[in-house]
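Coordinate-derived values only; no laboratory data. Everything numeric in this text was worked out from a predicted model, so none of it was measured. Please note: Cβ atoms are built from the backbone with ideal geometry, for glycine as well, and neighbour counts cover all protein chains shown.
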Amino acid sequence: MSNVTPLPMSRASTMTVDADGRIAHADAAWDRALRRGAQLPGSRLADFLSREDARRFNAALSGLRADRVARSLLDVGLPDGGTATLALSRCEGGEDVMVVLIAQWTGPATGGGTGDQTMDVSRALFDQAFEPMLVIDPEGRVLQANPAAARFLGVNREALAGLTIDAVIVPPRGERTARSAVRRALAVGQSAIEAPSRWQDPTDAPVEWRLAPLPDGAGGGGLCLISPRDTGMERQRAAREDFLTRCDQLTGLRNRRTFQAELAWMLESWQNEGARAPTVALLNLDAFREVNAAFGNAVGDQVLRTMAERLCGAVRDTDVVARFSGDVFALLLGAVDPPGCDELARRLLDCVAEPIELSDREICVTACLGMASTSTGTGDSDPVCRAERALSDARHRGRDAYVVYSGAPEEARDPGHLWMTTELRHALGREEFQLLYQPQVVAATGEVVGLEALLRWNHPERGLIPPAEFIPVLEESSLIVPVGEWVLARACEDLGTLRGGGFHGLRVSVNLSPRQLEEPRFLDRLESLLAGAGIESGALELELTESLFMSPMAGSDSVLSRLGALGLRVAVDDFGTGYSALAYLKRFPVHCLKIDKSFTRGLGQCREDTAIVNAVCQMAAHLGLDVVAEGVETQAQVDYLAQQAGAIAQGFHFARPLALTDLMARMTLREEAVRLAS
């Protein structure tokens with residue numbers, strides 16, 4: 001059969017089935033052919049076919065689902081006694097739903113027509129299919145082309161009819177004609193050929209022409225269905241997938257996986273070729289979460305892209321810059337001499353610290369950096385691990401700091417550090433933390449006016465671990481946030497216990513970490529804790545280090561101001577040991593200055609310490625601030641402080657830190673003794 005007579009749309013019966021072969025929709029002709037009326041939806045089409053036809057139909061569905069074929073045609077018998085050729089292809093807009101059409105039949109389903117109604121590819125399939133399709137005869141002439149094919153090739157649909165396939169497809173390399181290439185592919189079972197179309201730009205990628213013989217054209221002797229596909233789009237998709245696998249989507253830098261692969265290759269080259277060892281650096285932006293919290297994620301993303309550009313511009317073209325995680329960048333640098341490491345580290349930090357000009361604001365961000373040579377002779381063979389260790393040490397030095405790891409013994413991490421970090425991760429869940437309280441006493445009258453909450457860790461095997469050992473580890477890790485929240489919650493709960501025990505005038509002081517203030521929902525959580533405990537906000541005092549008031553951390557001004565607006569007391573801890581600038585005392589809602597014990601220790605004995613304490617007390621009195629002297633251990637120190645108006649003392653002279661129940665019992669006994677003495 002060398003000519004095709006399309007069946008009119010009214011004679012083309014369509015059906016939609018899902019990936020399991022269940023009928024979703026069928027027109028009236030199918031109802032008559034299968035003799036089921038309106039009961040077709042939900043039934044399996046294979047159930048109406050013979051066992052062999054059902055097997056072939058299910059195999060065709062499997063081929064479509066697995067993308068082994070683009071479409072399939074098969075002859076089946078129908079319950080009405082007729083036969084039909086089914087053309088199966090994917091529906092547009094879905095992966096699992098196929099369209100089944102009757103392409104040829106004889107019997108009552110034709111609606112009473114005479115003779116065989118012949119149609120090799122229905123107009124319904126052509127007009128509705130998303131994929132471009134052409135039908136060619138054994139002589140290589142185009143018999144039909146659907147609208148999608150005309151759009152794909154960029155020519156008029158009518159103009160395609162009657163053309164030879166050689167007028168459509170450029171012969172592939174090694175073939176004399178496109179027709180011979182198609183016949184050869186069909187003869188050997190090849191499903192596609194790749195060649196340009198006659199109308200495409202010569203610089204474009206070749207087109208993939210997928211081939212499917214029609215029932216009487218197996219082996220290249222009959223009709224053939226051809227479906228072109230743009231391999232350029234496929235290659236773009238593959239390139240995009242490759243990019244997402246290897247690179248960071250936000251900045252375009254390499255990701256951690258690619259960085260590790262290039263490091264491994266560079267290390268192998270260094271060892272095999274005797275080249276100089278490369279250097280690894282890790283850079284972590286300081287308090288980057290505050291940028292997102294204060295200005296939004298869009299600004300944060302812009303900052304990260306800017307940092308990526310700056311770091312790439314600060315190193316050589318042969319060096320590698322990657323983004324490891326949210327605010328951590330990695331650099332794989334060529335050999336750097338030890339003296340050059342300091343210069344390079346400082347140059348990288350300086351380029352980060354330059355102001356970032358945005359449309360309506362200017363942002364300054366700093367970073368910490370850890371650097372390690374891959375040839376450092378230590379037991380730790382992973383250069384990234386050494387750079388991480390150096391970065392951790394740099395963070396301990398403060399912002400805008402760097403450490404170059406050399407492998408010297410004094411730089412090695414205490415083996416107990418890892419144990420402590422691991423144990424601390426379980427301590428909160430195992431309820432190993434407890435709060436002890438130390439009273440704050442008016443030096444002149446002996447009245448207890450406040451308590452400082454002090455965190456203690458009672459390990460089940462090692463007992464009480466000194467705060468000086470575990471607090472820095474908490475600060476270094478993200479654990480300080482959940483542990484700090486637990487401290488605040490327990491302190492609020494204990495304040496309620498104090499109120500219930502009759503101690504209504506006492507306030508409780510809690511030390512606060514800067515990391516906690518960086519949490520976006522910290523203030524909301526704090527308000528919720530106070531409301532849940534049913535206590536007034538003025539009963540809780542938050543102790544902040546002096547350096548925090550001078551911090552350039554984004555949003556710190558608004559956070560500190562809101563603390564005052566909530567009615568919370570704010571105390572400056574270790575006053576006088578940090579910055580000497582005092583302007584923040586009038587900028588922020590400060591209520592109390594805590595004199596560090598290093599000054600209290602020399603009261604009455606050291607002229608300098610005595611002068612400093614005296615000056616702080618007088619300044620506080622003029623500013624209307626409370627003063628608490630820490631570390632008071634002798635009566636002489638109490639006597640001196642009693643001469644300062646309103647000075648408050650805290651230390652072992654009055655009591656060591658005690659559990660709340662023990663402290664309440666002691667205060668009750670003291671009040672009873674005072675009452676009896678009066």
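Before moving on, here are some points about what is shown:
- Nearest-0.05 FRET efficiency for Glu268 and Arg65, computed from C-beta distance (R0 35 Å): 0.20
- Whole-number percent relative contact order across the stretch 430-500, with pairs defined as alpha carbons under 8 Å at least 6 apart: 24
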